[in-house]
Every structure is written in C-alpha cells, then in structure tokens.
Amino acid sequence: MKMENKNKQSAYQHVLKYTSIFGGIQGLNILVSIVRTKLVALILGPEGMGLMSLFSSTIKFVSDSTNLGIGTSAVRDLSEAFERDDAKINETVMTVRTWSFLTALAGTLLCIVLSPLLNRFTFSWGDHIFHFILLSPVVGMMAVTSGELSILKGARRLKSLAKISIYGVFLSVIISVPILYLMGQRGIIPSLILLAFVQMLLVIIFSFRLYPIRLSFSKSSISKGMSMVRLGVAFVIAGVMGSGADFIIRSYLNYTDSLDAVGLYNAGYMMTMVYAGMVFSAMETDFFPRLSAVNKDVAASNLTINRQIEVSLLILSPMVVALIVALPIIIPLLYSGKFMPVLDMVQIASLALYLRAVNLPVQYLSLAKGDSLSYMLIEAIYDIPIVLLIILFYGDFGMKGIGFALLACSIIDFVATLIYTYKKYHYSLSRQVVSYMMMQLPIGIAVYIVTQTLHGWTYWAMGVLLFVASAGISLQILQQKTALWNSLKRKLKGGHDE
C-alpha cells in the first residue's frame, strides 16, 4: 500500500512539476514578447508593425497549410515507438525526418511559385513578390523545426524543450531589435529569416545530439509515414476550420459595427486564451506524449487524462478568480482605458476556462489514438456553434453578449465531448475531477456575481477572500496528492526529489 501511494504521489508530482515549469515558461514568453513588441513598435511605428505582421501571418499560413501537421501527429507515433525497442525508435525518427524534409522542400517551392498570389491577396499596395521569394526558406525552416521538436517531445526530453523555449524567447529580442533599429523597415525580412534560422539551429542542436540525422526516400519508408500524414492533414483541416470561424466572426463585427469592435474582441479573446495558455502549455509538450504511449489501454488512458485534469483544474482555478477580480487593473495596464468596454466580455468568458481545463485533455484522446475523423468532428462541435452564438448574442448584448456566447459554446463543447468520448473510447471523468469542479466552479461563479453587484472596498475585500478560498482548496489537495510542502522544504535545504 505504501508503494502504491508513493507511485501515485510520484505521478502527480510529475504532472504538477511540468505543468508548472511550462506554464512558467509560457508566462516568461508572454512577458518578454510584451517587451519585444513595445520595443519594435517604438522602432517601426504602426505602419512598420503592420507590415511585419502581414509578412509573418502570411508565411505562417503557408507553413501551416503545407507542413501536413507532422509536428503534432508525429508525436503520437514517436511516443508509441519509445515504448518499444531501439530499432523501432530509429525507424520512426527517420520516417519523421524524411517527411519533415519533404514538406519543408514542398512548402519552400510552393511559397516561391505562389508569391505573386500571396502579394496580391496580402497587400493592396506595392510589389512584394521578391520579399515573399526571400521569405520562402522560412517556410522550410519552420517545417524542419516542427519535425525536430516532435522528436524531442516523443522522446520526452522535457528539460531540453524547456531550455529551447527559454533560449528562443531571449534570442528573438537579441536578434530582431538591433536589426530593426539599424535598418528600420528594411530589416523586417532579414530579421524574420534570421529568427527562423536561429530557432531551427537551436532545436537541431538538441535533436541531432540525441539522434544523428538519417533520411530515407525509399517507397517503404515513405509509406510508413502515411498514418502520421493522415492524422496531420486532419489537424491542418481542423486548424483551417478554426481560422475560418475566427475570420467570419471578425468580418461580422466589422460589417455590423466597426473596426473598433474587432479590436475589442481581439483584445478580450487574447486575454482569456493567452492567460489560460500558461497552464495549458504543458499539454502538447508533456501530456500528449504520455497519453499517446498508453492510448491502447483504456484504464491507463483514463487515469492519465484524469490526473492531468485534476492538476490543471487545481492550478487554474485560483488564477481565474484572480483574473476576474483584477481585470479593471489589468486591462488599462496591458492596453489602455479605451479597451475597458471589453471588461464584461472577459469576466464572463473567463468562467469557460474551468470547462476548458477539463475538456482540453479529453480532446487529446482522439489525437493520441490517431482517430482523425473524430478529431475533426470534435473541433467542428466548437467552431460552428461559436459563430452562430456570437452572431445571435452580439446584436442584443454587445461585447457582454460575446462573453455569454463563448461560455455557452464551451458548455456545449464540454457536454458533447464527454458524451462522444464515453461512447467512442469509454472515457469517463473520475470522482475526484467531479468533486474538484464542484468545489472550485461555485467560487468562480460567486466572484463573477461580486463583479456585477459590489463596488469599492467591498468588491476588493470579497474578491481577495474568494481568491484565498480557491487557492487554499487547491494547495490543500495538491499537498495531499504530491507531498508538496515536503518537496519544497527539501529544495530549500538543497536536497533533491527522487
């Protein structure tokens, strides 16, 4: 019994450790990105920032459309291989690298061929065809980087991934800011190329050290990657559906209201999703490879998912309370007082994060099993209702209506995903997950009610009280699950966890 409890503690400690590490790294990325954006904005001004954004977003679209989703789908095959023998590992790594090289080559050539079209659809002024030709290697480098990152994820080299993320975010500042300062707008193309090259170099230094490069273009080797490609294409299609839904929403807001409404929606959506991303950033890096490795075992899959949900929910819940309470300060701090109309939207939409903490790990199950059709269906369950609900609610309730639409859509997505995965994969929420939701969700609802009914010192007093209650519950449970305090004491004394 003692050994069983120790194994459980070890499993929870692992989830907590890497959720915290990659969440912290995501927070650092956001902070450094804010500093970098402000410096670049000061150097280039609004026009230069717009130009850089257009080039970046167009190249990213070409990359996402041509890389066949290898960076995500390969993690599943690699995770399964790492549970077997070295021969299978080497074979799968070679297959992933071969397909990454092919998509890199195809993406680069396609960007060159389509450069006149990219110029026409991206810009309404000037001739930027040559710029897109110069940027075409970036598409190839992004494909190689994505493939090599999938190898590190599949091998669960989490420390290497953490180092890459930290080095990458600081190098982006060190490289781009001096180039743009010296060259102005003429430095945009060189900085984008150099950033992509340095990021690729950083990743392959770690990856090639682990597995020296080997490629095979034989028919049998290429055919072995077809299941990976099929799942990757489903991932690309799902991404296109999400981008399409976002495009329709923004176009609707611009058509029925104004460009200001689009800006407010973008700010509100980013605040909610980026904030949550600090906790969810460990999903693809650590959780997805672990789930992929046990995807054929129903009991092990359920246990892996439920443990991830428990830790994510316990970490996220106090953060959601703090976010909802502090938004009147956060919005002017991050943006300006002109963005305050988005306050109601973000406060109500933040409640959807409780459901997202539960839903997101479950949605990875179809990816882990290589079930591309189910993955696309689950994505469509969110993408279609969100467009309809925002159109329905915005006309009557404005920005607050968008918040209600996001929450309503999250509820629909939550219920539909749980029903589908139960029927398809025999997944069900554990009693612990349900009990933690019953503890934390009412606190979130209570804090939202506080924001709508109280003002002045009573608002802040009740907000702080509810945050302390949520944090206290989470810390107490995490202590029981992971012996958190003992671990912290050992680290403070210079000891090491097992």
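Rundown of residues vs (1) closer than 17 Å to residue 97 by Cβ; (2) in a helix (DSSP H, G or I); (3) modelled with pLDDT of 90 or more; (4) in contact with a Ser or Thr (Cβ under 9 Å, 6 or more places away or on another chain), yes/no style:
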residue: 159; (1), (2), (3), (4): no, yes, no, no
residue: 176; (1), (2), (3), (4): no, yes, no, yes
residue: 180; (1), (2), (3), (4): no, yes, no, yes
residue: 185; (1), (2), (3), (4): no, yes, no, no
residue: 190; (1), (2), (3), (4): no, yes, yes, no
residue: 197; (1), (2), (3), (4): no, yes, yes, no
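Given the residues 401, 370, which is the only one that is crowded, with 19+ Cβ neighbours inside 10 Å and in a helix (DSSP H, G or I)? Outline the logic, then answer.
Details: 370 fails: in a helix (DSSP H, G or I).
None of the others qualify; the one that does is 401.
Kindly provide the set of residues from the stretch 457-485 that are at pLDDT below 90, part of a helix (DSSP H, G or I) and not charged (D, E, K, R), ordered by number. So that I can check it myself, show each step before the final result.
Filtering the stretch 457-485 down to residues at pLDDT below 90 leaves 474-485.
Remaining after also requiring part of a helix (DSSP H, G or I): 474-482, 484-485.
Passing the criteria: 474, 475, 476, 477, 478, 479, 480, 482, 484, 485.
Tell me, which residue of the stretch 262-300 that is part of a helix (DSSP H, G or I) and among the acidic types (Asp, Glu) is modelled with the highest pLDDT?
In the first step, residues of the stretch 262-300 are kept if they are part of a helix (DSSP H, G or I); the result is 262-280, 282-293, 298-300.
Subset that is among the acidic types (Asp, Glu): 284, 286.
Numbers: 284: 64, 286: 70.
Ranking the qualifying residues of the stretch 262-300, first place goes to 286.
Being outside any helix (DSSP H, G or I) and closer than 12 Å to residue 363 by Cα is the filter here; which residues of the stretch 420-435 pass it? Lay out the reasoning, then the answer.
Going through the stretch 420-435, the residues outside any helix (DSSP H, G or I) turn out to be 426-430.
The answer is 427, and nothing else.
Identify, please: which residue in the stretch 47-80 is modelled with pLDDT of 80 or more and among the β-branched types (Val, Ile, Thr) and is, among those, farthest from residue 112 (Cα to Cα)?
Across the stretch 47-80, the extreme among qualifying residues is 70.
Looking at the stretch 173-220, which of its residues are under 28 Å from the mean Cα position of the chain (by Cα) and aromatic (Phe, Trp, Tyr)?
197, 206, 208, 211
Considering each residue of the stretch 335-347, count those that are surrounded by 22 or more Cβ atoms within 10 Å (Cβ to Cβ) and either modelled with pLDDT under 90 or of a type in the set (A, V, I, L, M, F, W, C) (or both), and give that number. Outline the logic, then answer.
Filtering the stretch 335-347 for residues surrounded by 22 or more Cβ atoms within 10 Å (Cβ to Cβ) gives 342, 345-347.
So of that shortlist, the ones also either modelled with pLDDT under 90 or of a type in the set (A, V, I, L, M, F, W, C) (or both) come out as 342, 345-346.
Qualifying residue count for the region: 3.
Residues in the stretch 296-336 that are of a type outside the set (Val, Ile, Thr) and under 14 Å from residue 443 (Cα atoms): how many?
Here is the first cut: in the stretch 296-336, the residues of a type outside the set (Val, Ile, Thr) are 296-297, 299-303, 306-308, 310, 312-314, 316-319, 322-323, 326-328, 332-336.
Okay, now just the ones that are also under 14 Å from residue 443 (Cα atoms), so 313-314, 316-319, 322-323.
Summing the residues that are of a type outside the set (Val, Ile, Thr) and under 14 Å from residue 443 (Cα atoms) in the stretch 296-336 gives 8.
Taking the stretch 75-90 on its own, how many of its residues are in a helix (DSSP H, G or I) and either surrounded by fewer than 16 Cβ atoms within 10 Å (Cβ to Cβ) or under 26 Å from the mean Cα position of the chain (by Cα) (or both)?
Summing the residues that are in a helix (DSSP H, G or I) and either surrounded by fewer than 16 Cβ atoms within 10 Å (Cβ to Cβ) or under 26 Å from the mean Cα position of the chain (by Cα) (or both) in the stretch 75-90 gives 11.
The values are calculated or read from the model by the stated rules, or taken from the named source; none is laboratory data. This structure is a prediction, so every number in the text was calculated from the model and none was measured. Quick reminder, even Gly has a Cβ in these numbers, built from the backbone with ideal geometry, and neighbours come from all protein chains shown.
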